[in-house]
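Presented below is the structure to which this report refers.
Read-outs: derived from the displayed coordinates by stated rules, not from any lab. Fair warning: this is a prediction, and the values are worked out from it, not measured in the lab. Note that each Cβ is placed from the backbone with ideal geometry, even for glycine, and that neighbours are counted across all protein chains shown.
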Amino acid sequence: MRSFIAVLLLGSALAIPAMAQVAKPTANLSAPVKSFGRVSYDARSLMIDGERKIIWGGEFHPFRLPSPDLWRDILQKMKASGFNTVALYFDWGYHSPKQGVYDFTGIRDLDRLLTMAEEEGLYVITRAGPYVNAELSRGGFPGWLVNQRARARTDDPDYLKAVDEWLDQINPIIARHQINADKRRKGGVILHQIENELALTTPAQRRYMDHLYTKARADGITVPIFHNDQGRNGYWTPESSTVDKVVTGPNDMYAFDGYPGGTCTVAGQPTRDVAAPDWGYYGTGGAKGGASASPDTPGFAAEFGGGWFDYWGSNGGYDCNAIQRGKRFQRVFYGTNLANGIGIQSFYMTYGGTSWGWLPGPVVFTSYDYGAAISEPRALREKAQEMKQLGGLIASVPDLAGMTPAGPVEITSPNIQIYHNKSPETDARFLMVTHKPSNGQTNDSFTFTADLPDGRYTVPMRLNGFDAKWLVAGVTLGGQRLVYSTSELQSAQRQDKGDLMLLYGRAGEPGETVLRYSAAPTVTVIEGEATSRFDTAKGDLNLSYSHRGRAIVRVEGGGRPPLTVILGDEAEAVRYWRQGDMLIRGPELVRHATVKDGTLALTGDTATQSPLEIWAPGAIRSVTWNGGKIATRATPAGSLAATQPLAGPAAVALPALTDWRMAKGSPEADPAFDDSNWQAIDNRSSASITARPDGQPNMGMDAYGFHDGDVWYRGRFTGTPDAKALSLYYGAGGSGLVQAWIDGQFIGEAETPGGLPRPITTGTARFALPASAQSGEHILSIMVRNNGHNWDLDSDDFHKEARGLISASLEGGPSGRSFTVPIAWKIQGKRGGEMLADPVRGPANNGGLYGERMGWHLPGFDDKRWAKATVPATQAEAGTSWYRTSFDLAVPKGQDATIALSFGDAAKPRSPVRYRVLMFVNGWNMGQFIAHVGPQRTFPIPEGILNHRGKNRVALAVTSDGQPGDALEAVRLVTLHSVKGGLPVQMVTAPNAPSDLKE
Ligand code: GAL
């Protein structure tokens, strides 16, 4: 598990403190424009239909949200939060249980996802692997690829053949969703990634890269193609690059990822010990730290920290990660990027979601919340609001795209630096005001003096604590001219023949906005307090105010169209949603604003009773909210205000989980268990990188077609006087497990440690054998839980590390050393192996527990013959016990909620007792709880998997060592997010009963 260490180091090692804001002439500003249909670029920016654009993206993984109707919810939340682009990883293994078998239906319907993105007007960056990393088991490679001897991520023909199978499927889907496929398309695929962090740069890798590129083109992908470099190393820069070549590839554009800015402490405290790096115009030169690793192509961060992942055994890091890479961090770091010419940025993650079933790689547990802008339960975090403000600016000021350094400004404080950029076309300015270094946290009052397009100005400013301000100056907005403002612009819109601006600042701080007129305009303060002064010589109207709640100023005359300025503090401004030419204040979320026949139809969510106020064109005669008519009145501020507040959600009543039934789930331990249909372990060849002792058979689970979850072994041997102990060498991923029995008697369990800096993914377990083992015939029963295959970050086939048993030997003897007694082993795993019994839920849903093989996890399984049981339980037998119950939900109609299953004391990251649970909700494996490892004990279940209006069944596979108290704690339902609104969600249809499973 090297990726995260590398990424951490990368974050700090390359995080050079910002230097004085003097740019080096390092981008090749005369590089020619390169065109790929509707998409083109030069060194300054990407262009769509010839128009320069900032690409403001967020990463989302459809496979981490197995409820397709909710994909749209995420896309709408992203769009409303100011993103114009969604970046999508696809997980090859998620679609392919077996070589030659592919599925793109139901929860795997990427065609549907890409259609939704187009409908929501989002640009798309596709990142289709073959390798993605992403804290996924095998980094997204399918299970069956583990059995391929060919070195992955090279030009070995066997590997390329496997890759082409996947690309034959996925490339055409992407191709038909390109923006190039239709002239009128408002969203769609604009950029395509062909490999991820391929840091080995040998000729074999180059030929592999060439193959991927050629294949994408042959399959009809016409947009620019890139690779995502692990850090700003200059790997796989375009061949055509004129300078600074490090490692070139066939790619059209160069992109990199970066997670600078430090991480939370183990105690869960944010750190601010690293300043934002200058990875562009203001850098110090050279491919590594410098101005541009690829001077002919625009700055492109294919991933930039939007949070960070959490690991088995942590204290629960997501809340802290949301702060660490949250509000203020975004302004400081994303702003520094933007100033450095990195106009294509995608934040990883923007919705993290759930690594359900056996998706997670060894380092991570079920929740992939990531501390992202949209939380795992699909709520907008505070940091999403800041993104809405920054995205609003980007959408309002197209001049920001393709800016170049404009020269230094004079600043009266040594604690402050200002990045000053301009648009070569319009001369509009971007002034990114931050501390020097940018992680400084002092409170500073200062002025800066700059030659701006409308004259030389000395501007009073404040910057308190870790923060940055994104100012614009000398910019034409609709019919207005903004000379400068010390407030930040969230929105500028044209409405009818007038203009509307929303500006905001830190609560209590003074603000000054200067607008240019040919003659003194009439200024009316409609609400709140503001003063104005007109400088006839310059034609400057200076509005002064303090950011406190809101003030509204109307400016008329002076040779310009009428202007309404809304001045808010941050708390006020984040309540506004920008939808086309409409500005809407009040609700938790505004998804859409569409006008038809004079009626404005708004859709969105309310978290509480909320006011509604709308600035809309005059032609609007009536308003609906989620389909219901809303009475409005015109206000002096030029808005329409609802006469009644919008209702908030009703409380969601959750039933207690009672009426449990229980069955024992490890019958394989019983000597009498019939394993006649199990596969015999033999000497078949192995592609594993894990060496096993000479003479031992190939015990690794993958060779037998079992790649995920639990696997059972039964071994028969004849006792010998030397057999004192059993030694098992096993591979189990992070926080994996092995349990062992002899002749039905439990002899112990062992675990691989999870955690940072590197989970230990294989181990040797030793169990004492009873004296009876010293003669006669015996049966060993062993269960191994595979908590994920490694990733292949370093292209060294690390994903082929063995899982399951690797070797087994008896120990004792005269020397106490291990010795080999022939043990005749058999193996059993997931029902059907690669021939999935349940292709709908797919490869990640099931492992090989007895109950899974029998379909006990399915909602339609009849458990009435099971024993009644009480939860919390006080005692468990060693092995696995299954608990089942059902419950009804009645979430009020028109409400969206995220309901979770929670185990034990939710306030603590770990339980004092040891056991683990696989939780199946309506047949879906929605996660693993490890009581003594933690930290996750509350598991959100998306609607569509959970039936919000009807019956649900839960089946828990509880695995214990049988020690007193190591048993299932209290299990309850909790609501994590509840709003009125949401989108209609269909249940995902899937096999209901064991008889529905394929043979
Ligand atoms: C990146 C990688 C992603 C993910 C991320 C950490 O380096 O490209 O796939 O692993 O690190 O979450």
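For the stretch 329-434, the alpha carbon positions stretch 55, 31, 23 Å along the principal axes, listed from largest to smallest. When the P(r) of the stretch 403-587 is calculated, the portion above 19 Å amounts to 58% of the C-alpha pairs. What separates the Cα centres of the stretch 736-799 and the stretch 580-632 is a distance of 59 Å. Relative contact order, whole percent, for the stretch 34-380 stands at 18, derived from Cα pairs under 8 Å and 6 or more residues apart.
Based on the convex hull around the alpha carbon atoms, the stretch 683-828 presents an average projected area of 8.7 nm². Extension gain for Lys161-His592 works out to 150.7 nm (0.36 nm per residue, less the C-alpha to C-alpha distance).
The lysines whose alpha-carbon is closer than 25 Å to the alpha-carbon of Lys383, local same-chain residues fewer than 8 away aside, are Lys53, Lys77, Lys79, Lys327, Lys436, Lys469, Lys980.
Under the simplified labelling scheme, the Phe887-Gln644 pair shows an inter-label distance of 3.3 nm, with each label point 7 Å from Cα along Cα→Cβ. Maximal additional length on extending the Thr115-Ala656 stretch stands at 190.8 nm, based on 0.36 nm per residue less the C-alpha distance. Here the dipole of the chain is about 1440 debye; that uses its Cα centre as origin and unit charges on the Cβ of Lys and Arg (positive) and Asp and Glu (negative). So if R0 is 25 Å, what FRET efficiency would Phe104 and Ile689 give, r being the distance between their Cβ atoms, rounded to the nearest 0.05? Efficiency, from the Cβ-Cβ distance: 0.20. Rounded to the nearest 500, the helix-only mean residue ellipticity at 222 nm of the chain stands at -3000 deg cm²/dmol, with each DSSP H run of n ≥ 4 adding -39,500 (n - 2.57). Exposure proxy for Glu512, Glu382: other Cβ atoms within 10 Å of each Cβ, ordered fewest to most, give Glu382, Glu512. Summed over all non-identical Cα pairs, the Kirkwood treatment of the stretch 122-228 gives a radius of 14.4 Å.
Protection proxy ranking of 648-659, 561-572, by the mean of other Cβ atoms within 10 Å over each peptide's residues and highest first, is 561-572, 648-659. The C-alpha atoms of the chain occupy a region whose extents along the principal axes are 108, 62, 51 Å, arranged from largest to smallest. Multiplying the residue separation of Arg949 and Ala519 by 0.36 nm and removing their Cα-Cα distance gives an extension gain of 148.5 nm. Which translational diffusion coefficient, to the nearest whole µm²/s, is obtained for the stretch 604-653 from the Stokes-Einstein equation, given a Kirkwood hydrodynamic radius over C-alpha pairs, 37 °C and 0.692 mPa s? For the chosen part, D equals 276 µm²/s. The calculated FRET efficiency for the pair Thr531 and Asp210, based on their C-beta separation and a Förster distance of 41 Å, comes to about 0.05.
Relative contact order of the stretch 403-587, taken over Cα pairs closer than 8 Å and 6 or more residues apart, is 15 percent.
Excluding same-chain neighbours fewer than eight residues apart, the aspartates and glutamates reachable from Lys183 by a Cα-Cα span under 12 Å are Asp49.
At q = 0.15 Å⁻¹ the log10 of I(q)/I(0) for the stretch 34-380 amounts to -1.37, computed by Debye summation with a single uniform scatterer per C-alpha, solvent ignored. For the stretch 783-867, the convex hull drawn through the C-alpha positions has a volume of 191 cubic angstrom per residue.
If you wrap the stretch 836-996 in the convex hull of its Cα atoms and look at it from every side, the mean projected area works out to 9.6 nm². With R₀ set to 60 Å, the beta-carbon distance separating Asp862 from Thr202 gives a calculated FRET efficiency near 0.55. Cα centroids of the stretch 210-284 and the stretch 35-60: 16 Å apart. Quick check on the stretch 519-625: take the gyration tensor over C-alpha atoms, sort the square-rooted eigenvalues as a ≥ b ≥ c, and tell me if it's rounded (a/c under 1.5), prolate or oblate. In terms of gyration-tensor shape, oblate.
In summary, the aspartates and glutamates within cross-link reach of Lys998, defined as a Cα separation below 19 angstrom excluding same-chain residues under 8 places away, comprise Asp103, Asp708, Glu834, Asp838, Glu852, Asp862. A viscosity of 0.692 mPa s and a temperature of 37 °C, combined with the Kirkwood radius over C-alpha pairs in the Stokes-Einstein formula, give the stretch 730-815 a diffusion coefficient of 229 µm²/s. Put the Cα centre of the stretch 903-943 next to the Cα centre of the stretch 648-673 and the gap is 13 Å. Modelled this way, with points 7 Å down the Cα-to-C-beta line, the labels at Thr624 and Asn443 are 5.1 nm from one another. Against the main long axis of the alpha-carbon atoms of the chain, helix 110-119 sits at an angle near 10°. Mean sequence separation of contacting Cα pairs (under 8 Å, at least six apart), scaled by the length of the chain, corresponds to a relative contact order of 11 percent. Placing one equal scatterer on every Cα of the stretch 392-453 and applying the Debye formula, the log10 ratio I(q)/I(0) at q = 0.18, 0.29 Å⁻¹ is -0.70, -1.16.
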